[in-house]
Amino acid sequence: MFSEAKRMELFSGAVFYEMTEIAKTRKSVGKPVIDLGIGSPDMPPPAMLPEVLKNALDEPGVFGYQRTEGTEAFKQEISAFLHRRYQVSVSPEEEVLVTIGAQDALAHLTLAFINPGDVVLIPDPGYPIYEVAVHLAGGIPYFLPLKEENEFLPDFKIIPHDVLKKAKMLVLNFPSNPTSAVATPEFFSEVVEFAKQHRMMVIHDAAYIELVFDGYQAPSFLQTPGAIDVGIELHSFSKTFNFAGPRLAFAAGNRQILNTLGKLKSQIDYGVFSAIQSAGAKALKNAEDFIEMNRLEYQFRRDALLSPIIESGWSVKKPLSTMFVWLKTPKNIESKQFAKNLLQETGIITVPGTGFGKEGEGYIRIALVQPVDVLNQVGKSMANFILL
Ligand SMILES: Cc1ncc(COP(=O)(O)O)c(C=O)c1O
């Protein structure tokens, strides 16, 4: 009855619909389904957080509007955390902005900076909001192909001159969803140089920076000399602390970018509920033990899934980071077809690589959101499946 705005066509989700239908049919005949599709953490947050949340409800003024940028106490804790873990110095007053999840920042940054016709460079494959946000602002996305032969890092040299002239923003995401690839400090230095040369801002989405394995430590973009002159970095509580529902993240870095984003947000949503910010502060203060435990669990899960797959001869590189495995489909089968067949035959839900962009063709993404024993069983089923 009511016609949707044209921009609603951006949110199609056709692939997910088809997968859901197959899963429903299996369930209706009593066959099991194991959902490794969406990267929604299945583990609890740090044990002290529910108590902190409850106690915070008794604080005076807790139910009032909050300042958009975040509470002083939380921003102090964010600044201390970045210094302690990454030797990054940011002013809590001007170089930190609390957001309602990283998604909030990603969806609003383009509205704050992009005019119709401006180009935004985004990764392909990449987290879908990057492209959607560019279209919402009337901008033009330019896809940076992330190729396996290039360690899934973008190659800035292939960008045409006329695109560079119109490019105002570069969005990066390392460790990466969906490829699990990581960036080197040398790559980040190249990014800073590139951004300065072409006068564009850098938005680095570091949602998975704490989910790292085998002793690897992911660098913060803000550690790069000159990074704060050109960009900001987003850190999310959703994956680092399994705190996805309360919607909590922060942006840190260039004060002009943060100030403009805050100005826009103050018209749209104001600040995060202060009880959630109190919990966030507590999580950061005691972060180290929890982060270590959480990432070890993901490492076990990665190994449990991949051991049988690797043994079967399927060529896979073990990821050093994230909660995802980015797996090449065997025999060059199209990703959508492979994901559908796998679900139909084994009940395992994955996401076809093309759900993240054209360059995702030939891959599927598996989220490590089930316990070790289930993932080991999944690995065995997948190994058997490709032998069929
Ligand atoms: C790369 C990436 N960025 C951002 C987000 C969203 O994070 P948040 O829950 O903080 O909005 C996700 C969630 O899956 C993600 O994969």
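The values are calculated or read from the model by the stated rules, or taken from the named source; none is laboratory data. The shown structure was predicted, so the numbers you read here are calculated from the model rather than taken from an experiment. When we count neighbours, we look across all protein chains shown, and the Cβ atoms used for this are built from the backbone with ideal geometry, even at glycine.
Which one of these does Ser176 not meet: (1) near the ligand (Cβ under 10 Å from one of its atoms); (2) touching a strand residue (DSSP E or B) at 6+ places or on another chain (Cβ under 6 Å)?
(2)
Which numbered condition in (1) more than 16 Å from the ligand (Cβ to nearest atom); (2) within 30 Å of Gly253 (Cβ to Cβ); (3) not basic (Lys, Arg) is the only one that Thr20 fails?
(2)
Can you tell me which residues in segment 155-176 are under 16 Å from Glu359 (Cα atoms) and crowded, with 24+ Cβ neighbours inside 10 Å?
Scanning segment 155-176 gives Leu172, Asn173, Ser176.
Suppose the filter is within 16 Å of the ligand (Cβ to nearest atom) and either surrounded by fewer than 20 Cβ atoms within 10 Å (Cβ to Cβ) or assigned to a helix (DSSP H, G or I) (or both); does Leu53 pass it? Lay out the reasoning, then the answer.
On the way: within 16 Å of the ligand (Cβ to nearest atom): no; either surrounded by fewer than 20 Cβ atoms within 10 Å (Cβ to Cβ) or assigned to a helix (DSSP H, G or I) (or both): yes.
The answer is no for Leu53.
If Ala218 satisfies all but one of (1) touching a helix residue (DSSP H, G or I) at 6+ places or on another chain (Cβ under 7 Å); (2) in a loop (DSSP other than H, G, I, E, B); (3) within 16 Å of the ligand (Cβ to nearest atom); (4) over 22 Å from Thr68 (Cβ atoms), what's the number of the condition it fails?
(1)
Could you list, in sequence order, all residues of segment 131-163 that are farther than 27 Å from Lys328 by Cα and free of Cβ contacts under 8 Å to residues at least 40 places away in the same chain? Full working, then the answer.
The first filter runs over segment 131-163 and keeps only residues farther than 27 Å from Lys328 by Cα, leaving 133-140, 160-163.
Selection gives Ala133, Val134, Ala137, Gly138, Gly139, Ile140, Pro160, His161, Asp162.
For segment 52-83, which positions are touching a Gly at 6+ places or on another chain (Cβ under 6 Å) and among the aromatic types (Phe, Trp, Tyr)?
Within segment 52-83, Phe74 is the sole residue that qualifies.
Looking at the structure I just gave you, is Phe188 free of Cβ contacts under 8 Å to residues at least 40 places away in the same chain, crowded, with 22+ Cβ neighbours inside 10 Å and either in a helix (DSSP H, G or I) or not assigned by TED's automatic domain parsing to the domain that holds Glu93 (or both)?
Values: free of Cβ contacts under 8 Å to residues at least 40 places away in the same chain: yes; crowded, with 22+ Cβ neighbours inside 10 Å: yes; either in a helix (DSSP H, G or I) or not assigned by TED's automatic domain parsing to the domain that holds Glu93 (or both): yes.
Yes; evaluated as a whole, the condition is true for this residue.
Would you mind finding the one in Arg302, Arg295 that is under 19 Å from the mean Cα position of the chain (by Cα), modelled with pLDDT of 95 or more, under 30 Å from Thr71 (Cα atoms) and not assigned by TED's automatic domain parsing to the domain that holds Pro128?
Working: Arg302 fails: under 30 Å from Thr71 (Cα atoms).
Arg295 is the lone residue from the list that is under 19 Å from the mean Cα position of the chain (by Cα), modelled with pLDDT of 95 or more, under 30 Å from Thr71 (Cα atoms) and not assigned by TED's automatic domain parsing to the domain that holds Pro128.
Name the pairs: first residue in segment 192-213 and assigned by TED's automatic domain parsing to the domain that holds Ala244, second residue more than 11 Å from the ligand (Cβ to nearest atom) and of a type in the set (S, T, N, Q), Cβ to Cβ under 7 Å, at least 6 apart or on different chains?
Qualifying pairs under 7 Å: Val192/Thr224; Ala206/Ser220; Tyr208/Ser321; Ile209/Ser220; Leu211/Ser321; Val212/Ser321; Phe213/Gln299; Phe213/Ser321.
Which count do you get for residues in segment 222-260 that are part of a helix (DSSP H, G or I), among the charged types (D, E, K, R) and free of Cβ contacts under 8 Å to residues at least 60 places away in the same chain? Full working, then the answer.
Step one: filter segment 222-260 for residues part of a helix (DSSP H, G or I), giving 222-223, 227-230, 237-240, 255-260.
After this cut, where a residue has to be among the charged types (D, E, K, R) as well, the list is 229, 239, 255.
When the remaining residues are screened for being free of Cβ contacts under 8 Å to residues at least 60 places away in the same chain, the result is 229.
Residues that pass the stated criteria total 1.
Restricted to segment 86-117, and to residues that are within 25 Å of Leu153 (Cα to Cα) and β-branched (Val, Ile, Thr), which residue is nearest to the ligand (Cβ to nearest atom)?
Filtering segment 86-117 for residues that are within 25 Å of Leu153 (Cα to Cα) and β-branched (Val, Ile, Thr), the one nearest to the ligand (Cβ to nearest atom) comes out as Thr110.
So which residues in segment 9-34 are in contact (Cβ under 8 Å) with a residue 60 or more places away in the chain and charged (D, E, K, R), if there are any at all?
Narrowing segment 9-34 to residues in contact (Cβ under 8 Å) with a residue 60 or more places away in the chain: 10-11, 15-16, 18-19, 22-23, 26, 31-34.
Once the filter is applied, which keeps residues that are in contact (Cβ under 8 Å) with a residue 60 or more places away in the chain and charged (D, E, K, R), segment 9-34 yields Glu18, Arg26, Lys31.
When segment 115-135 is examined, which residues are found to be buried (at least 17 other Cβ atoms within 10 Å of the Cβ) and small (Gly, Ala, Ser)?
The answer is Gly126, Ala133.
Residues checked against (1) crowded, with 17+ Cβ neighbours inside 10 Å; (2) over 27 Å from Asp155 (Cβ atoms); (3) not assigned by TED's automatic domain parsing to the domain that holds Tyr127:
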{"residue": "Ala339", "(1), (2), (3)": "yes, yes, yes"}
{"residue": "Gln344", "(1), (2), (3)": "no, yes, yes"}
{"residue": "Gly347", "(1), (2), (3)": "yes, yes, yes"}
{"residue": "Gly355", "(1), (2), (3)": "yes, no, yes"}
{"residue": "Glu361", "(1), (2), (3)": "no, no, yes"}
{"residue": "Ile366", "(1), (2), (3)": "yes, no, yes"}
{"residue": "Val369", "(1), (2), (3)": "yes, yes, yes"}
{"residue": "Asp373", "(1), (2), (3)": "no, yes, yes"}
{"residue": "Val378", "(1), (2), (3)": "yes, yes, yes"}
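Residue under question is Glu69, and the condition is that it be within 26 Å of Gly226 (Cα to Cα) and touching a strand residue (DSSP E or B) at 6+ places or on another chain (Cβ under 6 Å); does it hold? Show your work before the answer.
Working: within 26 Å of Gly226 (Cα to Cα): yes; touching a strand residue (DSSP E or B) at 6+ places or on another chain (Cβ under 6 Å): yes.
Yes; evaluated as a whole, the condition is true for this residue.
Yes or no: Arg247 of a type outside the set (A, V, I, L, M), modelled with pLDDT of 95 or more, more than 9 Å from the ligand (Cβ to nearest atom) and assigned by TED's automatic domain parsing to the domain that holds Phe81? Outline the logic, then answer.
On the way: of a type outside the set (A, V, I, L, M): yes; modelled with pLDDT of 95 or more: yes; more than 9 Å from the ligand (Cβ to nearest atom): no; assigned by TED's automatic domain parsing to the domain that holds Phe81: yes.
Here the answer is no, as Arg247 does not meet what is asked.
Determine which member of the set Val182, Val120 is within 16 Å of the ligand (Cβ to nearest atom) and within 24 Å of Leu264 (Cβ to Cβ).
On the way: Val182 fails: within 24 Å of Leu264 (Cβ to Cβ).
After applying the criteria, what remains is Val120.
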